[in-house]
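Everything on this sheet refers to the single structure shown next.
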Amino acid sequence: MTSETITAAAAGTWKLGDLTVNRMGFGAMRLTHHADGTPSDRDRAIAVLRRARELGVNHIDTASFYFSALRSANELINRALYPYADDLVITTKVGPGKDPSGNWLGMARPDQLRGQVEENLRQLGRDHLDVVNLRVFHPEQLLSEHFGVLADLRAEGLIRHLGVSSVSPGQLAEAQAVAPVVCVQNRYGIGAEQHRHEFLDVCGEQGIAYVPFFAIAGEGREAGASATDTDAVQTVARAHGVSAAQVRLAWTLQRGPHVLAIPGTGNPDHLTENVAVGALRLSAEETALLNA
């Protein structure tokens, strides 16, 4: 597989409401700092974002709480890509808050969500947000009041479409009773528990995009994929001459046409490898091996 010639279009497309995106997108969380917590190189981060666009990425996932001591993901996106192309869809998240030192403040109150939306608008330099996900902390948390505030902001024209993140099926239903939901963004990857597989399938049946985070890291989460790579992953990777991370992404994309990938990286080589996964096809036997 010659990565250099493959663009994000190879993964196919899906619609977030009326917005068509390539299924291979980009997550901005890792742009702001290195694994050891030190700030990223500003010029390199900007170059990665611009290279992503050159490779056909038109779906970028971000949040105002993606920041380090010196870097803000939203402001890096603004610097790299403004003025924004008509086909670029930027998805952001609200709900959690951080203080200026980066310490989590917990879940925002409903009356604080407008301020979070306006902060994303300011940082990105936009007059509306394409998609806003309500990020939830607990599977039992009631979210209809929070989601109702976002629905009101959508009616005002500040938000185009709504989604939810880190939710249970019950919370998705609760949100849908308030306003249409175009995407669910949950932790998912090889090795996920059975209830996560079932939820992904339910979203597909309803025409809702499923957007996994930690798709490469899997159950290794912040520790990374290397913490959980199995013999099966390594075997399939060797057979295709690709990395284990690419196999994990390919498996995730093949779970359904409604699955959107948002791998994040601050490394231009890893970016190219991630985008190339859109052209990687796993056989039924390989998929069964990975499922096991």
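For the stretch 237-292, the candidate set comprises residues that are of a type in the set (Asp, Glu) and under 30 Å from Ile46 (Cα atoms); within that set, the residue that is nearest to the chain's Cα centre (by Cα) is Glu273.
The test for being in contact with an Asp or Glu (Cβ under 9 Å, 6 or more places away or on another chain), under 30 Å from Leu289 (Cβ atoms) and either at pLDDT below 95 or of a type outside the set (A, V, I, L, M) (or both) does not hold for Gly157. Taken together, the criteria exclude Glu75 from residues that are in contact with a Ser or Thr (Cβ under 9 Å, 6 or more places away or on another chain), surrounded by fewer than 23 Cβ atoms within 10 Å (Cβ to Cβ) and closer than 19 Å to Leu31 by Cβ.
Restricting attention to the stretch 268-287 and to residues that are in a helix (DSSP H, G or I) and among the polar types (S, T, N, Q), the residue that is surrounded by the most Cβ atoms within 10 Å (Cβ to Cβ) turns out to be Asn274. Of all the criteria given as (1) farther than 16 Å from Tyr66 by Cβ; (2) of a type in the set (Asp, Glu); (3) under 21 Å from the mean Cα position of the chain (by Cα), the one not satisfied by Glu119 is (1).
Within the stretch 25-46, being surrounded by fewer than 21 Cβ atoms within 10 Å (Cβ to Cβ) and among the aliphatic types (A, V, I, L, M) holds for Met29, Ala35, Ile46.
If you go through the stretch 205-219 and pick out every residue that is crowded, with 17+ Cβ neighbours inside 10 Å and not in a strand (DSSP E or B), you end up with 8. Annotation for the stretch 168-180: no member residue is touching a strand residue (DSSP E or B) at 6+ places or on another chain (Cβ under 7 Å) and within 27 Å of Ala292 (Cα to Cα).
Rundown of residues vs (1) small (Gly, Ala, Ser); (2) more than 25 Å from Val181 (Cα to Cα); (3) modelled with pLDDT of 95 or more, yes/no style:
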| site | (1), (2), (3) |
| --- | --- |
| Ile6 | no, yes, yes |
| Leu16 | no, no, yes |
| Pro39 | no, yes, no |
| Asp43 | no, yes, yes |
| Gly56 | yes, yes, yes |
| Gly97 | yes, no, no |
| Gly102 | yes, yes, no |
| Gly106 | yes, no, no |
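Evaluate the following for Val202: is it modelled with pLDDT of 95 or more, aliphatic (A, V, I, L, M) and crowded, with 22+ Cβ neighbours inside 10 Å? Answer is no for this residue. Note on the stretch 37-57: residues that are more than 16 Å from Thr272 (Cβ to Cβ) and part of a loop (DSSP other than H, G, I, E, B) total 4. Asn22 falls short on exactly one of the conditions (1) more than 19 Å from Arg160 (Cβ to Cβ); (2) buried (at least 21 other Cβ atoms within 10 Å of the Cβ), and that condition is (1). Put simply, of Ile90, Ile60 the only residue that is within 27 Å of Val167 (Cβ to Cβ), touching an Asp or Glu at 6+ places or on another chain (Cβ under 6 Å) and surrounded by 19 or more Cβ atoms within 10 Å (Cβ to Cβ) is Ile90.
The values are calculated or read from the model by the stated rules, or taken from the named source; none is laboratory data. Bear in mind the structure is a predicted one, so any value in this text is a computation, not a measurement. Reconstructed Cβ throughout: ideal geometry from the backbone, glycine too, with neighbour counts over all protein chains shown.
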